[in-house]
């Protein structure tokens, strides 16, 4: 599984079908493609339709693009969320590192999209950069709504084991990308070793988060992530396949 890959990104325009074919040939069974604004969300839905059942789509507005949303755009996003091709709401969240949209605008967009997801019964795919406490509080509050069964993923997790444990206990999945292989990622590595089986996913965030700044990432890198998680957990990579598959299937069902 690659639970977070931006296949609609322009860096895949020249060879998108080949990238998808390589993933399938490598044994990757599902690819979840999130949007980051309205056009990319619509593109994700088209990819899911064209490449079903391999590709699933999510729709959402990344915190970087929150300031571009007006009321007409919010109405359109609400339509996309209930589209039958949509499996999740994302990529949403907070990015208090770059602040490409003002923090208050990000917070409002995050809250509105959590509400859309709850109303439609969709899980959420959450971006969190330099906002661990705020994101955790928002998700725990969202999970605590009466009559609401929260589902969601902390994408490219960058927090620590304690944060992962709290959110996992509230029903969220923790997703790891290639940076979990870097010794500098002490928090995610500790979380990856400690989480119960079935409470985490793997992803690439392709074309981002590749092995270096020059090379484009793509879904086959998720196999390297599985290998690193297995090493951290001192198990065979094959033992992680079934629980990751089950967690992903439950997320998007």
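The values are calculated or read from the model by the stated rules, or taken from the named source; none is laboratory data. Computed from a predicted structure; not experimentally measured. Glycine also receives a Cβ, built like all others from the backbone with ideal geometry; neighbour counts cover every protein chain displayed.
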### Query
Among (1) assigned to a loop (DSSP other than H, G, I, E, B); (2) over 24 Å from residue 90 (Cβ atoms); (3) touching a residue at least 40 places away in the same chain (Cβ under 8 Å), where does residue 206 come up short?
(2)
### From the options 137, 109, residue that is at pLDDT 95 or above, farther than 20 Å from residue 3 by Cβ and surrounded by fewer than 24 Cβ atoms within 10 Å (Cβ to Cβ)
137
### Query
Any residue at all in the stretch 79-101 that is surrounded by 14 or more Cβ atoms within 10 Å (Cβ to Cβ), in a helix (DSSP H, G or I), at pLDDT 95 or above and over 18 Å from the mean Cα position of the chain (by Cα)?
no
### Summary
When the stretch 207-220 is checked residue by residue, the ones that are surrounded by 17 or more Cβ atoms within 10 Å (Cβ to Cβ) and either more than 19 Å from residue 29 (Cα to Cα) or in contact with a helix residue (DSSP H, G or I) (Cβ under 6 Å, 6 or more places away or on another chain) (or both) are 207, 210, 218, 219, 220
### Query
Is it the case that the stretch 43-54 has a residue that's crowded, with 24+ Cβ neighbours inside 10 Å, touching a residue at least 24 places away in the same chain (Cβ under 8 Å), part of a strand (DSSP E or B) and under 17 Å from the mean Cα position of the chain (by Cα)?
no
### Query
Any residue in the stretch 10-20 that is at pLDDT 95 or above and touching a strand residue (DSSP E or B) at 6+ places or on another chain (Cβ under 6 Å)?
no
### Query
Just wondering, is there one or more residues in the stretch 18-29 that are farther than 27 Å from residue 71 by Cα, outside any helix (DSSP H, G or I), in contact (Cβ under 8 Å) with a residue 24 or more places away in the chain and within 19 Å of the chain's Cα centre (by Cα)?
yes
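For (1) outside any helix (DSSP H, G or I); (2) under 13 Å from the mean Cα position of the chain (by Cα); (3) more than 24 Å from residue 41 (Cα to Cα); (4) at pLDDT 95 or above, each residue gets a yes or a no:
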{"site": "105", "(1), (2), (3), (4)": "no, no, no, yes"}
{"site": "116", "(1), (2), (3), (4)": "no, no, no, yes"}
{"site": "125", "(1), (2), (3), (4)": "yes, yes, no, yes"}
{"site": "150", "(1), (2), (3), (4)": "yes, no, no, no"}
{"site": "153", "(1), (2), (3), (4)": "yes, yes, no, yes"}
{"site": "167", "(1), (2), (3), (4)": "no, no, yes, yes"}
### Summary
Note on the stretch 209-239: residues within 24 Å of residue 169 (Cα to Cα) and in contact (Cβ under 8 Å) with a residue 40 or more places away in the chain are 225, 228, 229, 232, 233
